[in-house]
Amino acid sequence: MPNLVLASSSPRRKELLEKLSIPFTIYSPNADESVDKNLTPSEIVSILAQRKAKNAADQYPDSYVIGSDTVVAHKEKVLGKPADRESARKMLLGLSGCTHSVYTGVSVVYGESVRTFYEKTDVTFWELSNEEIEWYLDSGEPFDKAGGYGIQGQGGLLVKSIHGDYYSVVGLPIGRLCRVLKHMGFPQLY
Ligand SMILES: Cc1cn([C@H]2C[C@H](O)[C@@H](COP(=O)(O)OP(=O)(O)OP(=O)(O)O)O2)c(=O)[nH]c1=O
């Protein structure tokens, strides 16, 4: 029976994949995450998702291997994870009162077959006061998350509305991934 491998060290992606209720293996990908600055957000997340999946697929040639990448796009800028408190503060100030887009790319590799897609979800933030931003920075949540917030945690209090797949914002568009796996012939799904 082919195995399922999640090429990710993100605890959120692990939790989301558990929704499929089938066993899987975790592999921490060791992929170079540098990309050409002129690429669009959808190109960036697609390329990086595929790189992570292919990196792990070398170790698991008989498995379905999933790689994923998430970035936040706002006013022509692509935001990854903030390097420090100051950069997280700048990201949150920039997102305050505005709508940004969260892009998550997913790539599934099984032998020679590769399927890659991305989801775009628009998220609108409330106007944030300086006090609210400092309070949120104190939570420690921003630092391992694209755009400097996590919608699934206290960061949910910053969000006014969302248009698109919630799970894609958290890091893995699980409904679409499930359909892609099924389409590629993964046997253990419904
Ligand atoms: C916007 C947003 C991002 N994120 C997270 C999802 C991703 O884990 C992270 C973006 O970083 P990624 O580089 O996509 O992923 P990662 O380094 O955490 O894990 P790996 O490369 O090993 O798969 O931001 C949230 O958890 N909630 C949110 O609301």
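The values are calculated or read from the model by the stated rules, or taken from the named source; none is laboratory data. The shown structure was predicted, so the numbers you read here are calculated from the model rather than taken from an experiment. Backbone-built Cβ (ideal geometry, glycine too); neighbour counts: all protein chains shown. We work out accessible area using only protein heavy atoms, side chains counted, and drop any ligands, DNA or RNA first. Shrake-Rupley method; radii C 1.70, N 1.55, O 1.52, S 1.80 Å.
Things to note:
- Accessible area of region 4-183 belonging to carbon and sulfur atoms, whole % at 1.4 Å probe: 48
- Residue-averaged [θ]222 nm for the chain, counting only DSSP H segments that reach four residues, each worth -39500 (n - 2.57): -9000 deg cm²/dmol
- Around the Cα centre of the chain, unit charges on the Cβ atoms of Lys, Arg, Asp and Glu (plus for the first two, minus for the last two) sum to a dipole of about 460 debye.
- Extending 7 Å from the Cα toward the beta-carbon at both residue 38 and residue 76 defines two label points whose distance is 1.5 nm.
- Probe 1.4 Å, accessible area per residue of the chain, Å²: 50
- Within region 46-152, the trypsin sites (Lys or Arg not before Pro) that combine a DSSP coil assignment with at most 10 other C-beta atoms in a 10 angstrom radius are 75.
- When the chain is described by a simple charge dipole with +1 on each Lys and Arg Cβ and -1 on each Asp and Glu Cβ, the residue from 91, 171, 147 located farthest towards its positive end is 171.
- In a DSSP loop and with at most 11 other Cβ atoms within 10 Å, the GluC sites (Glu not before Pro) in region 115-166 are 127.
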